[in-house]
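The values are calculated or read from the model by the stated rules, or taken from the named source; none is laboratory data. Values in this document were obtained by computation on a predicted structure and should not be read as measured data. For neighbour counting, all protein chains shown are included, and Cβ atoms are generated from backbone atoms with ideal geometry for every residue, glycine included. Heavy atoms of the whole protein, side chains included, go into the accessibility calculation; ligands, DNA and RNA do not. Shrake-Rupley method; radii C 1.70, N 1.55, O 1.52, S 1.80 Å.
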Amino acid sequence: MREDKMERYQRQIILPGIGTSGQQKLKASRVLVVGAGGLGCAVLPYLAAAGIGKIGIIDGDTIEESNLHRQILYSSEQLGLSKAKEAANSIIKTNPGIEISVFEEFLTAKNAAETFSGFDLVIDATDNLFIRYVIDDTCLTCGKPFVYGSIHQFQGQVSVFNFEGGPTYRDIFPEENGAAPNCAEAGVLGVTVGLIGMLQANEAMKIILGIGEVLSGKLLIYNLLNNSQQVFEFGNVPASKKSHISVSFEMLSPAESLLGEALLLDVRESGESPQVNLENGLHIPLSSLPQEADSLDRNVEIRIYCQSGIRSRKAADLLYRMGFRKLKLIRGGAKDLLTEIRRAKAGEASL
């Protein structure tokens, strides 16, 4: 790193334990941020400003108006644009001297290993319970640590998994909790994601620099309503006692799910809104699926959806164990699917 470029980082270089050698470590580091939503918008500017040499951003979502109260990298003029691309455009202005790789797609079990291969450390900035298991499993396989963060209303959690042989995500969360709501369901305050995102960026910096006490084997829980902070310790769980997701299902966007021949299976409970009426649709509540699954044709592709994606995954796992193999998940939920159906009908009407 040239001397004329070091002035930018002078205030952190003079810190004990960093110095010029520490800044060189940051420059040589490669960090992937999974998700460019609320947490990602807090993590990314600080990584860029600190001089992380290569930052990867993976997110297949676009900017919506409901994002703007907490996803501070975006503005009203960017509605409908790619989050990953616009986030990259923003942070490169903060620090033109860094390299940014943009992946305008959602992370899946299929692309995780290849995407992670170009990076040393992964930051989970998602709002997706099942993708965290994909991140955890892939990081364990690839030997990479990942920094975890999650939000529930006014509370946030931060930890570091798979760091120098330390515990993994499955060690503390061994099984999928189908009751865990996402931000769209539970609500979220903008400053909550801001604080938790900055704590994630801080953990990433400590890992790269080799300073401080990393939150490996520890779960930090911060409550913004009463400013309480708790740290819970946990250890490695023997592999034989861990619950693993052994099957990865292909994810379809709402638009993709309407193409071709397939059965669209709604596994929400009766009476949930919005109602989705499709000629090739079928409604079987998740609670009734074990008893009614035999009525389904195993030779027909089944595309499953619910309200947010949580129950559809549980339904797919259940059907797979019952011998079904042509299973796919519809990303998002019934509301997103209904929006796409209306958009498709409006397009047909205009022709």
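Given the DSSP H assignment, sum -39500 (n - 2.57) over each helix run of at least 4 residues in the chain and divide by its residue total; what's the result at 222 nm in deg cm²/dmol, nearest 500?
Computed mean residue ellipticity for the chain: -10000 deg cm²/dmol.
So with the 1.4 Å probe, I'd like the accessible area per residue for segment 1-154, rounded to whole Å².
Using a 1.4 Å probe on heavy atoms only, each residue of segment 1-154 averages 44 Å².
What is the sum of charges around V267, taking Lys and Arg as +1, Asp and Glu as -1, for the other residues whose C-beta is under 12 Å from the C-beta of V267?
Once positives and negatives cancel, what remains is 0.
At a 1.4 Å probe radius, carbon and sulfur cover how many percent of the accessible area of segment 1-81?
50
Is the C-alpha gyration tensor of segment 63-172 telling us rounded, prolate or oblate? Criteria: a/c under 1.5 is rounded; beyond that, a/b larger than b/c is prolate, otherwise oblate.
It is prolate, given that a/c is not under 1.5 and a/b is the larger ratio.
Hey, what did the chain get for relative contact order, percent, Cα under 8 Å, at least 6 apart?
13
Could you tell me which of T141, A315, I13 has its Cα farthest along the dipole of the chain towards the positive end, charges placed at Cβ (Lys, Arg +1; Asp, Glu -1), taken about the Cα centre?
Toward the positive end, the furthest listed residue is I13.
H152 accessible area, nearest 10 Å², 1.4 Å probe?
Only protein atoms counted, so the area is about 90 Å².
Once the Cα gyration tensor of segment 12-98 is found, what semi-axes does its equivalent ellipsoid get, as square roots of 5 times the eigenvalues, in whole Å, sorted largest first?
28, 12, 10
So how far, in whole Å, is the C-alpha centre of segment 187-227 from the one of segment 272-343?
One Cα centre to the other: 36 Å.
Please list log₁₀ I(q)/I(0) at q = 0.10 Å⁻¹ for the chain, using the Debye equation with identical point scatterers on the alpha-carbon positions.
Listed by q, the Debye log ratios stand at -0.65.
Give the peptides 141-147, 128-134, 104-110 in descending order of average Cβ contacts within 10 Å, highest first.
My ranking of the peptides, most packed first, is 128-134, 141-147, 104-110.
How big is the dipole moment of the chain about its Cα centre under a simple scheme where the beta carbon of each Lys and Arg is +1, that of each Asp and Glu is -1, and everything else is neutral? Debye, nearest 20, please.
Taking the Cα centre of the chain as origin, the dipole is about 720 debye.
Run the reach check for K54 against lysines, Cα to Cα strictly under 17 Å, same-chain hits fewer than 8 apart removed. What comes back?
K5, K25, K27, K85, K93, K144, K206
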